[in-house]
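K.L.:
If you scroll down you'll find the structure; I have some questions about it.
The values are calculated or read from the model by the stated rules, or taken from the named source; none is laboratory data. This one's a predicted model, so the numbers in the text were calculated from it and none came from an experiment. Backbone-built Cβ (ideal geometry, glycine too); neighbour counts: all protein chains shown.
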């Protein structure tokens with residue numbers, strides 16, 4: 001979904017209804033909306049606030065507090081490059097540089113086609129496989145800069 005498209009409020013209402021519009025489910029509702037849209041559009045936050053009878057400022061506070069939430073569109077494929085110590089000493093920065101070159105985006109950015117969002121992380125918990133790139137939860141270990149383009153091309 002791009003920012004120019006209309007937001008499917010019926011879809012948002014279905015997510016809210018699946019949690020019985022309970023205030024205690026606020027974070028899970030936001031997670032579900034983000035999963036459906038790849039981000040949290042302003043219209044979605046307003047609808048959640050209205051339907052759960054929670055002040056919009058509280059909803060916005062939660063969304064900006066947790067790093068898991070995004071108020072800007074994210075790509076369909078989330079690329080995480082580990083830059084922790086073990087991966088760093090094994091060449092993670094060269095892998096990251098190559099991914100940035102191939103995808104045309106920097107860390108923390110999303111390409112204009114909303115295909116890829118690139119983030120660096122401090123550890124993915126698989127140090128023996130470093131350098132590691134994770135795409136949509138799938139781990140690609142022992143990555144070399146030369147492998148990155150082929151790996152990215154496997155994602156639509």
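K.L.:
Which one of 31, 26, 118 is modelled with pLDDT of 95 or more, within 25 Å of residue 156 (Cβ to Cβ) and not assigned by TED's automatic domain parsing to the domain that holds residue 142? Full working, then the answer.
P.N.:
Numbers: 26 fails: within 25 Å of residue 156 (Cβ to Cβ); 118 fails: not assigned by TED's automatic domain parsing to the domain that holds residue 142.
Selected residue: 31, the only one of 31, 26, 118 that is modelled with pLDDT of 95 or more, within 25 Å of residue 156 (Cβ to Cβ) and not assigned by TED's automatic domain parsing to the domain that holds residue 142.
K.L.:
Test residue 96 against the criterion of being surrounded by 15 or more Cβ atoms within 10 Å (Cβ to Cβ) and outside the structural domain of residue 29 (by TED's automatic domain parsing), and give yes or no.
P.N.:
Details: surrounded by 15 or more Cβ atoms within 10 Å (Cβ to Cβ): yes; outside the structural domain of residue 29 (by TED's automatic domain parsing): yes.
Here the answer is yes, as residue 96 does meet what is asked.
K.L.:
Then there's this: Name the one entry in 9, 45, 56 that is touching a helix residue (DSSP H, G or I) at 6+ places or on another chain (Cβ under 9 Å), crowded, with 18+ Cβ neighbours inside 10 Å and over 25 Å from residue 125 (Cα atoms).
P.N.:
Step by step, each of 9, 45, 56 is checked, and only 45 is touching a helix residue (DSSP H, G or I) at 6+ places or on another chain (Cβ under 9 Å), crowded, with 18+ Cβ neighbours inside 10 Å and over 25 Å from residue 125 (Cα atoms).
K.L.:
Taking region 13-25 as the search range and keeping residues that are part of a helix (DSSP H, G or I) and farther than 12 Å from residue 50 by Cα, which one is nearest to the chain's Cα centre (by Cα)?
P.N.:
Here is the first cut: in region 13-25, the ones part of a helix (DSSP H, G or I) are 13-18, 23-25.
Pick out the ones that are also farther than 12 Å from residue 50 by Cα and you get 14-15, 17-18, 24-25.
Details: 14: 22, 15: 19, 17: 24, 18: 23, 24: 24, 25: 21 Å.
Per the stated criteria, the residue is 15.
K.L.:
Could you please give the count of residues in region 70-93 that are free of Cβ contacts under 8 Å to residues at least 60 places away in the same chain and farther than 20 Å from residue 138 by Cα? Before you say what the answer is, go through the steps one by one.
P.N.:
Step one: filter region 70-93 for residues free of Cβ contacts under 8 Å to residues at least 60 places away in the same chain, giving 70-72, 74-75, 78, 80-93.
Going one step further and asking which of them are farther than 20 Å from residue 138 by Cα, we end up with 70-72, 85, 89.
Looking only at that region, the number is 5.
K.L.:
Could you list, in sequence order, the residues of region 121-136 that are assigned to a loop (DSSP other than H, G, I, E, B) and touching a strand residue (DSSP E or B) at 6+ places or on another chain (Cβ under 8 Å)?
P.N.:
Residues of region 121-136 that are assigned to a loop (DSSP other than H, G, I, E, B), as a first pass: 122-126, 130-132, 136.
Of everything in region 121-136, those that are assigned to a loop (DSSP other than H, G, I, E, B) and touching a strand residue (DSSP E or B) at 6+ places or on another chain (Cβ under 8 Å) turn out to be 122, 123, 124, 126, 130, 131, 132, 136.
K.L.:
If we scan region 75-83, do we find a residue that is in a helix (DSSP H, G or I), over 29 Å from residue 29 (Cβ atoms), in contact with a helix residue (DSSP H, G or I) (Cβ under 9 Å, 6 or more places away or on another chain) and not assigned by TED's automatic domain parsing to the domain that holds residue 48? Walk me through how you get there before you give the answer.
P.N.:
Taking region 75-83 first, the residues in a helix (DSSP H, G or I) are none.
No: region 75-83 contains no residue that is in a helix (DSSP H, G or I), over 29 Å from residue 29 (Cβ atoms), in contact with a helix residue (DSSP H, G or I) (Cβ under 9 Å, 6 or more places away or on another chain) and not assigned by TED's automatic domain parsing to the domain that holds residue 48.
K.L.:
Is region 72-85 home to any residue that is buried (at least 17 other Cβ atoms within 10 Å of the Cβ) and out of contact with any strand residue (DSSP E or B) (no Cβ under 8 Å at 6 or more places or on another chain)?
P.N.:
No, every residue in region 72-85 fails to be buried (at least 17 other Cβ atoms within 10 Å of the Cβ) and out of contact with any strand residue (DSSP E or B) (no Cβ under 8 Å at 6 or more places or on another chain).
K.L.:
Scanning for something free of Cβ contacts under 8 Å to residues at least 24 places away in the same chain, surrounded by 16 or more Cβ atoms within 10 Å (Cβ to Cβ) and part of a loop (DSSP other than H, G, I, E, B), does region 100-107 turn up at least one residue? Give the derivation first.
P.N.:
Going residue by residue through region 100-107, those that are free of Cβ contacts under 8 Å to residues at least 24 places away in the same chain are 100-101, 104-106.
So of that shortlist, the ones also surrounded by 16 or more Cβ atoms within 10 Å (Cβ to Cβ) come out as 100, 105.
If we keep only those that are part of a loop (DSSP other than H, G, I, E, B) too, we end up with 105.
Scanning region 100-107, I find at least one residue that is free of Cβ contacts under 8 Å to residues at least 24 places away in the same chain, surrounded by 16 or more Cβ atoms within 10 Å (Cβ to Cβ) and part of a loop (DSSP other than H, G, I, E, B), so the answer is yes.
K.L.:
So residue 139 passes all but one of these: (1) assigned to a strand (DSSP E or B); (2) crowded, with 17+ Cβ neighbours inside 10 Å; (3) touching a helix residue (DSSP H, G or I) at 6+ places or on another chain (Cβ under 9 Å). Which condition number does it fail?
P.N.:
(2)
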